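K.L.:
Please see the structure below; I have some questions.
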Amino acid sequence: MQTMTETERNNAIVTTMELNEQVRELEQTVAQFRETSGDQKEIAADLSRVADSLAFELRDSILELVRQNLGPEQQDNLMLVLRKAGEWLAAERAELQRPPQQFSGLRISEAARRLRELDDFEMFLRDMARDILRAMSDHNFRQSRTQCGP
């Protein structure tokens, strides 16, 4: 596997960002349609499948960018980003779980909602990190095989 040129990488990043925006907009549209569709559950399910398909395509696009740009420096940078994201999640969780200074039902319900969102994001981050680490491992294995010869 050959590393992408800077132009190819930039084009791939722009395309991925556009796909990300399309996925986000479609997910919002599907959520709104579900709220207003009433008895049209089949159409909502079809739209949901399209949104899921685009989300998988987006994830594959991200992983392909990672696979094609895995030099030692990029691997170190990815590991740093993943570690920092984990630290930020832990700090945010600790803050949200800290008892409030004074009772406020709004504060508690808001904290509970944010904790659920944090859990969802953490699950997404862990899945993505696992896939990235797997891609890095595969890349390093292939690199070591080509350096050692057949």
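K.L.:
Kindly check whether there is at least one residue in region 93-107 that is more than 18 Å from the chain's Cα centre (by Cα), modelled with pLDDT of 80 or more and either under 21 Å from Arg142 (Cα atoms) or of a type in the set (A, V, I, L, M, F, W, C) (or both).
P.N.:
yes
K.L.:
Follow-up question, since we're still on this one. Which condition number does Glu64 fail, the rest of (1) of a type outside the set (Ser, Thr, Tyr); (2) more than 15 Å from the chain's Cα centre (by Cα); (3) modelled with pLDDT under 80 being met?
P.N.:
(2)
K.L.:
Only residues that are in contact (Cβ under 8 Å) with a residue 12 or more places away in the chain and either open to solvent by 80 Å² or more (accessible area, probe 1.4 Å) or in contact with a helix residue (DSSP H, G or I) (Cβ under 8 Å, 6 or more places away or on another chain) (or both): list them for region 65-77, please.
P.N.:
Once the filter is applied, which keeps residues that are in contact (Cβ under 8 Å) with a residue 12 or more places away in the chain and either open to solvent by 80 Å² or more (accessible area, probe 1.4 Å) or in contact with a helix residue (DSSP H, G or I) (Cβ under 8 Å, 6 or more places away or on another chain) (or both), region 65-77 yields Leu65, Val66, Arg67, Gln68, Asn69, Leu70, Gln75.
K.L.:
Only one residue in Glu6, Glu21, Glu92, Glu35 is at negative phi, surrounded by 15 or more Cβ atoms within 10 Å (Cβ to Cβ) and of a type in the set (Asp, Glu). Which one?
P.N.:
Checking each option against the conditions leaves just Glu92.
K.L.:
Which of the following residues is open to solvent by 70 Å² or more (accessible area, probe 1.4 Å), within 30 Å of Arg145 (Cα to Cα), under 16 Å from the mean Cα position of the chain (by Cα) and among the charged types (D, E, K, R): Glu57, Glu27?
P.N.:
Checking each option against the conditions leaves just Glu57.
The values are calculated or read from the model by the stated rules, or taken from the named source; none is laboratory data. Treat the numbers as computed from the prediction; the structure is a model and nothing was measured. Please note: Cβ atoms are built from the backbone with ideal geometry, for glycine as well, and neighbour counts cover all protein chains shown. SASA here: full protein model, heavy atoms, side chains in, ligands and nucleic acids out. Shrake-Rupley method; radii C 1.70, N 1.55, O 1.52, S 1.80 Å.
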